[in-house]
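Let me begin by presenting the structure, written as structure tokens, before commenting on it.
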Amino acid sequence: MSDQDQRKDFNDIAGDDLDELYLYEAYREGVHRLHSSEYLFDFQTGKYHAFSVARTTPGFWAADGKIVDAVPVFLSKFDKEDPYRALVQKHLDEEWLKESLADGHLEEFDYCRKIDGVDRWFRMALTAVCMQPGEEVRFVVVATTDITELISEHEKMREELTITNARLKREMSILRAFKNIYFISFSIDINSELAHVIEAPEDYKDFAEKVNGDLRQTIQMMSQNLVAPEYAETFIKFLEPRDIDKRLPNSNLLSCDFFTKTGMWCRCHLIVVSKDRNNKIELAICAVQNITEEKEKEIRLKQALAEASEKK
């Protein structure tokens with residue numbers, strides 16, 4: 001038959017058949033890429049057929065052969081005390097496969113095997129090909145996939161998660177301590193002049209939400225409601241964001257003491273959190289703490305020193 005006649009016969013094949021052939025070949029190509037090796041066990045004949053053989057298996061899983069010959073050789077690649085040996089042996093037992101896969105489900109498990117002195121991880125998948133419902137299992141598909149890189153990535157992710165959790169615990173501990181020290185605190189975005197409340201009395205939080213975090217309105221509200229009038233101007237100038245770089249050229253902390261309308265002494269801190277690539281401050285924290293006890297001790301000490309000086 002000439003090449004032209006062959007092409008004619010091929011073109012005469014029904015379109016549906018061509019589509020099915022194309023889909024089958026595409027499916028097989030995809031499965032080959034997914035799995036390291038694929039085998040079909042035929043328990044009626046006691047033989048297996050290999051659709052693909054992994055580079056790690058030549059020499060004891062040939063392209064075709066007897067199941068009873070291949071499985072013992074495969075198991076011999078594991079140390080006798082290796083727990084994965086028993087796991088693999090159980091899953092490749094003929095009676096276990098027939099009984100466990102009779103309902104047609106997919107069975108999967110992971111195992112580790114040394115290859116050239118290096119631990120390699122694999123996932124073995126087994127499923128029965130039931131030709132007719134209710135029939136005894138005759139065909140079983142066995143496919144293995146090398147998942148060493150996946151396991152390594154999981155281990156790396158677990159390590160990173162452990163480190164992250166430890167860091168978060170430390171940060172939460174610091175945050176709890178921060179909240180215990182400062183009864184009002186909020187972050188300040190210097191460029192947008194927006195304030196985000198970290199800790200504050202409810203009425204301060206409510207106000208900050210109403211003004212959408214506008215820093216200047218927040219400062220104005222605090223100076224009017226919290227700060228004693230004689231300290232209001234100083235307080236407002238202290239939180240002015242536009243000249244913060246000039247006031248903090250070589251430091252990450254600036255403080256200002258003030259008296260409140262309720263009779264407390266407070267200390268307001270400006271703490272630099274981050275700077276941009278031009279070394280300009282872009283994020284800071286304003287934190288206010290009650291230092292009344294400290295100030296009262298300081299005042300008493302000054303009075304005592306003054307009295308002692310007068311007696312001399």
For E240, indicate whether it is more than 21 Å from A195 (Cβ to Cβ), of a type outside the set (V, I, T) and surrounded by 12 or more Cβ atoms within 10 Å (Cβ to Cβ). no
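Yes/no matrix, rows are residues, columns are (1) closer than 19 Å to K47 by Cβ; (2) open to solvent by less than 40 Å² (accessible area, probe 1.4 Å); (3) among the charged types (D, E, K, R):
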{"position": "F74", "(1), (2), (3)": "yes, yes, no"}
{"position": "K77", "(1), (2), (3)": "no, no, yes"}
{"position": "D103", "(1), (2), (3)": "no, no, yes"}
{"position": "C112", "(1), (2), (3)": "no, yes, no"}
{"position": "D116", "(1), (2), (3)": "no, no, yes"}
{"position": "M124", "(1), (2), (3)": "no, yes, no"}
{"position": "G134", "(1), (2), (3)": "no, no, no"}
{"position": "K156", "(1), (2), (3)": "no, no, yes"}
If you go through A232, A287, the only one that is assigned to a strand (DSSP E or B), among the small types (G, A, S) and touching a helix residue (DSSP H, G or I) at 6+ places or on another chain (Cβ under 8 Å) is A287
Filtering the stretch 236-268 down to residues that are assigned to a strand (DSSP E or B) and closer than 21 Å to Q217 by Cβ yields C256, F258, T260, C266, C268
Residue set A232, A304; condition buried (at least 16 other Cβ atoms within 10 Å of the Cβ), among the aliphatic types (A, V, I, L, M), over 18 Å from S185 (Cβ atoms) and over 35 Å from the mean Cα position of the chain (by Cα); output residue A232
Of the conditions (1) open to solvent by less than 80 Å² (accessible area, probe 1.4 Å); (2) on the phi < 0 side of the Ramachandran plot; (3) out of contact with any Ser or Thr (no Cβ under 8 Å at 6 or more places or on another chain); (4) in contact (Cβ under 8 Å) with a residue 40 or more places away in the chain, the single one that S152 does not satisfy is (4)
Taking the stretch 28-78 and the residues there that are among the basic types (K, R) and more than 17 Å from V129 (Cα to Cα), the one that is modelled with the highest pLDDT would be K66
Picked from the stretch 83-136 (must be in contact (Cβ under 8 Å) with a residue 24 or more places away in the chain and either of a type in the set (S, T, N, Q) or part of a loop (DSSP other than H, G, I, E, B) (or both)), the residue farthest from S36 (Cα to Cα) is E136
Flagged in the stretch 215-229 as within 14 Å of C286 (Cα to Cα) and open to solvent by 30 Å² or more (accessible area, probe 1.4 Å), in numbering order, are R216
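The values are calculated or read from the model by the stated rules, or taken from the named source; none is laboratory data. Owing to the predicted nature of the structure, the values given are computational and were not obtained by experimental measurement. So basically every Cβ, Gly included, is an ideal-geometry build from the backbone, and we count neighbours across all protein chains shown. Accessible surface is based on the protein model in full, side chains and every heavy atom, while ligands, DNA and RNA are left aside. Shrake-Rupley method; radii C 1.70, N 1.55, O 1.52, S 1.80 Å.
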